[in-house]
1. Could you grab me the full set of residues in the stretch 113-138 that are modelled with pLDDT under 95 and either in contact with a Phe, Trp or Tyr (Cβ under 8 Å, 6 or more places away or on another chain) or within 20 Å of H220 (Cα to Cα) (or both)?
2. Kindly indicate whether L232 is in a helix (DSSP H, G or I) and closer than 22 Å to E58 by Cα.
3. Scan D44, D31 and give me the residue that is part of a loop (DSSP other than H, G, I, E, B), more than 27 Å from A131 (Cα to Cα) and open to solvent by 30 Å² or more (accessible area, probe 1.4 Å).
4. Within the stretch 160-202, work out how many residues are more than 28 Å from D120 (Cα to Cα) and either at pLDDT below 95 or in contact with a helix residue (DSSP H, G or I) (Cβ under 9 Å, 6 or more places away or on another chain) (or both).
5. Pairs only if they're at least six apart or on different chains, beta carbon under 9 angstrom, first in the stretch 41-69 and in contact (Cβ under 8 Å) with a residue 60 or more places away in the chain and within 16 Å of V96 (Cα to Cα), second surrounded by 15 or more Cβ atoms within 10 Å (Cβ to Cβ) and of a type in the set (F, W, Y); list them, first residue then second.
6. Kindly provide the set of residues from the stretch 97-116 that are closer than 11 Å to F138 by Cβ and either in a helix (DSSP H, G or I) or hydrophobic (A, V, I, L, M, F, W, C) (or both), ordered by number.
7. From the list L147, L174, L201, pick out the single residue that is farther than 21 Å from P112 by Cβ and either of a type outside the set (G, A, S) or surrounded by 16 or more Cβ atoms within 10 Å (Cβ to Cβ) (or both).
8. Give me the residue from the stretch 83-108 that is touching a residue at least 40 places away in the same chain (Cβ under 8 Å) and of a type in the set (V, I, T) and, out of that set, nearest to Q193 (Cα to Cα).
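The values are calculated or read from the model by the stated rules, or taken from the named source; none is laboratory data. Just so it is clear, the model here is predicted, and its values are computed rather than measured. Every residue, glycine among them, receives a Cβ derived from its backbone with ideal geometry; neighbour counts consider all protein chains shown. For the accessible areas, the whole protein counts, side chains as well, though only heavy atoms, and no ligand, DNA or RNA atoms are used. Shrake-Rupley method; radii C 1.70, N 1.55, O 1.52, S 1.80 Å.
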Amino acid sequence: MPGADVGPQAAQRPAGFPIASGWTGEVADLDPRATPGFEGRKADGRALLARRDATLGELQERLYAAHHGREGGRSVLLIVQGMDTSGKGGIMRHVVGGVDPQGVDIAAFKAPTPAEKRHDFLWRIRRRTPAPGIIGVFDRSHYEDVLIHRVHGWADAKEIRSRYTAINAFERELSEAGTVIVKVMLHISRQEQGERLMERLERPDKHWKFSPGDVDEREHWDAYMDAYTRALRATSTVGAPWTVIPADRKWYARIAVQQLLLDALEGIDPQWPAADFDVEEQIDRLRATMD
């Protein structure tokens with residue numbers, strides 16, 4: 001079991017809060033400082049993250065080797081959602097950053113361009129879904145179109161319901177084509193977000209990360225928690241379930257997302273492809289060039 005030597009009392013399977021199909025809970029009731037499935041401390045979590053990097057890297061390389069360039073091959077799509085400062089960048093650096101970049105495609109979806117607005121909201125998303133052998137990562141995603149649009153009233157309730165239906169159909173299509181979908185909401189508390197925003201203001205080296213709009217959005221905190229609750233209830237399906245990751249402790253969020261990626265890749269169980277040439281013959285030919 002990876003990381004089994006990290007802390008004698010530590011459970012080694014950080015799980016977040018899995019959201020089953022038909023869930024009727026509230027995001028606001030989930031503790032953003034919890035560490036479900038892991039009893040270790042910060043140092044234990046960091047050590048576990050480092051220990052499992054090699055395992056994640058090998059699985060990713062096997063996925064790339066076995067499926068890249070194949071029609072109908074397998075892939076993974078990690079969808080990361082969360083409020084500002086919830087740690088999305090840290091997931092990119094410390095979890096996704098631990099694998100070979102040639103096998104990863106990261107898309108950060110900002111406000112749509114005028115050209116993108118001429119199409120339906122999933123058009124630009126479809127263009128970035130992972131090819132076989134690739135781990136695709138959405139740093140924010142199509143869920144912005146049912147979150148911020150609900151909060152600010154840019155789409156009415158009927159349109160939001162229509163988008164839930166379109167999202168479920170889209171993700172079912174991806175799953176049936178061989179993509180394992182991992183959806184995480186990084187769940188940060190309002191207090192923790194305030195402290196992280198204050199740090200950005202107090203440190204000149206972090207000013208570039210701050211936007212005055214971040215403070216504006218805090219005024220809608222409860223509306224965002226309601227929008228997340230509704231989106232998770234409507235779109236957590238058997239083939240594409242959500243996991244809420246407590247994110248007040250950055251180190252925990254990282255090991256929890258890493259665990260989900262490991263689970264996805266181990267479920268695919270990619271194998272090194274067999275050589276399509278005579279290995280012994282090529283060894284002899286190579287040796288002949290070394291005399």
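1. E116
2. Numbers: in a helix (DSSP H, G or I): yes; closer than 22 Å to E58 by Cα: no.
Spelling it out, it is not the case that L232 is in a helix (DSSP H, G or I) and closer than 22 Å to E58 by Cα.
3. On the way: D44 fails: part of a loop (DSSP other than H, G, I, E, B).
None of the other options fit; the residue is D31.
4. The first filter runs over the stretch 160-202 and keeps only residues more than 28 Å from D120 (Cα to Cα), leaving 187-202.
Those still in the list that are either at pLDDT below 95 or in contact with a helix residue (DSSP H, G or I) (Cβ under 9 Å, 6 or more places away or on another chain) (or both) too: 187-188, 190, 193-194, 197, 199-201.
Counting residues in the stretch 160-202 that are more than 28 Å from D120 (Cα to Cα) and either at pLDDT below 95 or in contact with a helix residue (DSSP H, G or I) (Cβ under 9 Å, 6 or more places away or on another chain) (or both) gives 9.
5. R46/W251; L48/F38; L49/W251
6. Passing the criteria: I106, A107, A108, F109.
7. The unique qualifying residue is L201.
8. My answer is T85.
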